[in-house]
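The values are calculated or read from the model by the stated rules, or taken from the named source; none is laboratory data. The model shown is predicted, which means the values in this text are computed figures rather than measured ones. Because the Cβ atoms are built from the backbone with ideal geometry, glycine has one as well, and the counts that use them run over all protein chains shown. Note: areas computed on protein heavy atoms with side chains; ligands, DNA, RNA excluded. Shrake-Rupley method; radii C 1.70, N 1.55, O 1.52, S 1.80 Å.
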Amino acid sequence: MSLMGWESRSIDMWIGIDDTDSPHGMCTTYLGALLARHLEESGMEIRSLRLVRLNPNIIWKTRGNAAIAIEVEGNPDSAFSIASELIEELADLSCETTNPGLVLCEESRPPAAFAEEAITGFCSIEGAIAACEDINARFALWKNGRGIIGAVAAVAAELSDATSEYLVYRDANLHTSTRFVDPVSLRLAEEMTYPGTWDTCDPENKTIVCVPHTPDPVLFGIRGNDPVWISLARNLVISEASVLEAIFETNQGTDAHLIHGSMQNLEEGRSYCVPGTVTSPPITGIGGHVTLRITDGKDHLICMAYEPTRGFRDVIRALAPGDRVYVCGSYKKRSLNLEKIRVLSAPPGRVVGAPLCESCGKKMTSAGRDKGYKCRVCGTRSREPCISYQERRIHPGWYEVPPSARRHLARPLCRGEPVFWDPPQDYSREDYI
Ligand code: ATP
């Protein structure tokens, strides 16, 4: 492509890319980081590099449903051709499910509502193309072009709550899953910077979370509140040599995928926060998966705490009929996969039993149906039962799955109370304070 006559046209623009990887290799975040470097090397100025996670329930995703947006100042023709060439060169186009999309917006960005829908629900390829045409954005599709959805969503996203991720990459041709990242240094990095960073390790389950086991170029990634914390942690990590490193601004750890729901309006493939009351004792089934049933008085909802959520299942098992909860997670196959739960009330269990005899102090026994109690030693009778309260193993508050089972978008409790918190109308405000 000839750039004659265009070199001096330098503007602020947004570039979005998605769907460049396959289960056999590559990663859109890597391609994005490399694209940012190429743009910089060609004299452009990178203003921001964003990693936007989209609806985690999308069936077309390869891994974490990530898309990349780059805000850059430079020549748009040159930027578009650099991005297109990089996609041609690096995207795993041989894989049937890799369908890249690229967008470049000059004048304005697509509406934030498009990104909201892509994060919480479902968008179409036609909708993404229309969003590009509405703002005169240039775009390119490869194969069926599904990646244009993520590309448009990435540039449209308003990150009202944002965190950071420091991604360290290895050679993209190393298609092995074995990586050398010193676990001791990772644990130290977590200890020194938590809760400024999170999900590097899962101390309770003694696992490393930030090193993938898939054949992609990510060596490890450190998540945290801001670039300072993640850089501090990154500098403590000892690993094999990296080929590329980048800091992304991201919607990870923000609960951006959760919407308020009620049992009457849940849609397959969206993620919700739903209030309810426990109806029956939780059941541990085959494989260690725990089933919790709740109701809103009219409808019922089955909630699942799957085996990988490990110790979180003990929280669910400790719930009892009558406890009031607020459950959060993805609604799939007509059940809600729990990510976190707020226990609103878990009153002590009321136990009704036989009293002690007032005359001789021995335990009385039932005198028969509706006849009260009788002391078998001295014959004293009593109508009043003994009422005691059983201490509960669970108390009101928030509980979450461990780091090893956490979704990219789920906000860890170490970041503070969930911000989406907006009491549903059928509960009084006091319930939530
Ligand atoms: P990578 O992180 O490397 O990009 P991935 O796990 O993000 O891999 P993709 O290969 O990008 O997965 O596949 C996800 C596909 O689903 C993309 O084509 C993207 O445009 C599309 N997609 C994402 N969110 C939605 C949505 N809400 N509705 C419809 N399509 C979506």
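Results, tabulated for the structure shown:
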{"read-out": "Between the stretch 31-103 and the stretch 332-377, the Cα center-to-center distance that results, in Å", "value": "61 Å"}
{"read-out": "Among A83, G32, L51 the positive-end extreme of the charge dipole of the stretch 11-156 (Cβ point charges)", "value": "L51"}
{"read-out": "Over 18 Å [Cα-Cα, the stretch 11-156], rounded percent", "value": "48 percent"}
{"read-out": "Shape category assigned to the stretch 75-150 from the gyration tensor of Cα positions, a/c cut at 1.5", "value": "oblate"}
{"read-out": "Out-of-range pairs (alpha-carbon distance over 32 Å; input K143/K333; K298/K340; K206/K340; K298/K363)", "value": "K298/K363"}
{"read-out": "Ranking by accessible area, most exposed first, for R324, R313 with a 1.4 Å probe", "value": "R324, R313"}
{"read-out": "The chain: radius of gyration over Cα atoms, expressed as a fraction of 2.2 N^0.38 Å", "value": "1.23"}
{"read-out": "Anisotropy class of the stretch 145-275 from Cα gyration tensor, a/c 1.5 cut", "value": "prolate"}
{"read-out": "The stretch 40-139, accessible surface, carbon-and-sulfur percent (1.4 angstrom probe)", "value": "47 percent"}
{"read-out": "Where a label projected 7 Å from the Cα of K362 along Cα→Cβ would reach, residues of the stretch 375-402 with amide N under 16 Å", "value": "375-382"}
{"read-out": "Extreme residue, positive dipole direction of the chain, given options H260, I68, W398 (C-beta unit charges)", "value": "W398"}
{"read-out": "GNM flexibility winner over the chain from T28, T178, T291 (Cα, springs under 10 Å)", "value": "T178"}
{"read-out": "Å² of accessible area per residue within the chain, as computed with a 1.4 Å probe and no ligands counted", "value": "47 Å²"}
{"read-out": "Dipole magnitude of the stretch 11-156 about its Cα centre (Cβ charges: Lys, Arg +1; Asp, Glu -1), debye to nearest 20", "value": "520 debye"}
{"read-out": "Contour excess over end-to-end distance, with Cα ends at D370 and H260 and 0.36 nm allotted per residue", "value": "34.9 nm"}
{"read-out": "Among 146-155, 86-95, the order from most to least packed when residues are scored by Cβ within 10 Å on average", "value": "146-155, 86-95"}
{"read-out": "Whole-Hz couplings from phi, Karplus 6.51/-1.76/1.60, listed for the stretch 84-99; x for Gly and Pro", "value": "4, 5, 5, 5, 4, 6, 10, 5, 7, 5, 6, 7, 4, 8, 9, 9"}
{"read-out": "Amide H contacts under 5 Å for Y373, placed H, 5+ residues apart", "value": "A367, S382, R383"}
{"read-out": "Relative contact order [Cα under 8 Å, 6+ residues apart], the chain, whole percent", "value": "14 percent"}
{"read-out": "Long-range amide H partners of L336 with built H, under 5 Å", "value": "I302, C303, M304"}
{"read-out": "Ranked order, D299, D314 - accessible area, probe 1.4 Å, largest first", "value": "D314, D299"}
{"read-out": "Under the Karplus curve 6.51 cos²θ - 1.76 cosθ + 1.60, θ = phi - 60°, whole-Hz ³J(HN,Hα) for the stretch 128-144, x wherever Gly or Pro sits", "value": "5, 5, 4, 4, 5, 5, 4, 10, 6, 7, 8, 8, 9, 10, 10, 6, 6"}
{"read-out": "Peptides ranked, highest mean first, by Cβ atoms within 10 Å: ranges 300-309, 202-211", "value": "300-309, 202-211"}
